[in-house]
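Trainee: Pasting in a structure now, in structure tokens, and then I'll have a few things to ask.
The values are calculated or read from the model by the stated rules, or taken from the named source; none is laboratory data. The model shown is predicted, which means the values in this text are computed figures rather than measured ones. With ideal geometry, Cβ positions are generated from the backbone for all residues, glycine too; neighbour counts draw on all protein chains shown.
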Amino acid sequence: MDIIRIIIAILLPPLGVFLQVGLGGAFWLNILLTLLGYLPGVIHAVYIIARR
């Protein structure tokens, strides 16, 4: 299941984080990072998914 979440995180980072942690602080941080630049959002999303 984590492989699917990582693929989703690469395509749409906030969705990948949402599927992992829900509407927590990590989700809102990822939206901010994705708005500031796509790559920081992807890195953060993959980190959140791989950490758990």
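Trainee: For segment 18-42, what are the residues that are closer than 18 Å to Arg52 by Cβ and more than 11 Å from the chain's Cα centre (by Cα)?
Mentor: Matches in segment 18-42: Leu23, Gly24, Gly25.
Okay, residues lined up against (1) surrounded by fewer than 13 Cβ atoms within 10 Å (Cβ to Cβ); (2) touching a strand residue (DSSP E or B) at 6+ places or on another chain (Cβ under 7 Å); (3) of a type in the set (Phe, Trp, Tyr); (4) assigned to a helix (DSSP H, G or I):
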| residue | (1), (2), (3), (4) |
| --- | --- |
| Ile3 | yes, no, no, yes |
| Leu19 | no, no, no, yes |
| Leu23 | yes, no, no, no |
| Ala26 | no, no, no, yes |
| Thr34 | no, no, no, yes |
| Val46 | no, no, no, yes |
| Ile49 | no, no, no, yes |
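Trainee: Can you spot a residue in segment 17-31 that is modelled with pLDDT under 95 and of a type in the set (S, T, N, Q)?
Mentor: yes
Trainee: Free of Cβ contacts under 8 Å to residues at least 12 places away in the same chain and either in contact with a His (Cβ under 9 Å, 6 or more places away or on another chain) or in a helix (DSSP H, G or I) (or both): is that true of Ile7 in this structure?
Mentor: Criteria met by Ile7.
Trainee: Looking at (1) of a type outside the set (A, V, I, L, M, F, W, C); (2) free of Cβ contacts under 8 Å to residues at least 24 places away in the same chain; (3) surrounded by fewer than 19 Cβ atoms within 10 Å (Cβ to Cβ), which is the only condition Asn30 fails?
Mentor: Of the numbered conditions (1) of a type outside the set (A, V, I, L, M, F, W, C); (2) free of Cβ contacts under 8 Å to residues at least 24 places away in the same chain; (3) surrounded by fewer than 19 Cβ atoms within 10 Å (Cβ to Cβ), the odd one out for Asn30 is (3).
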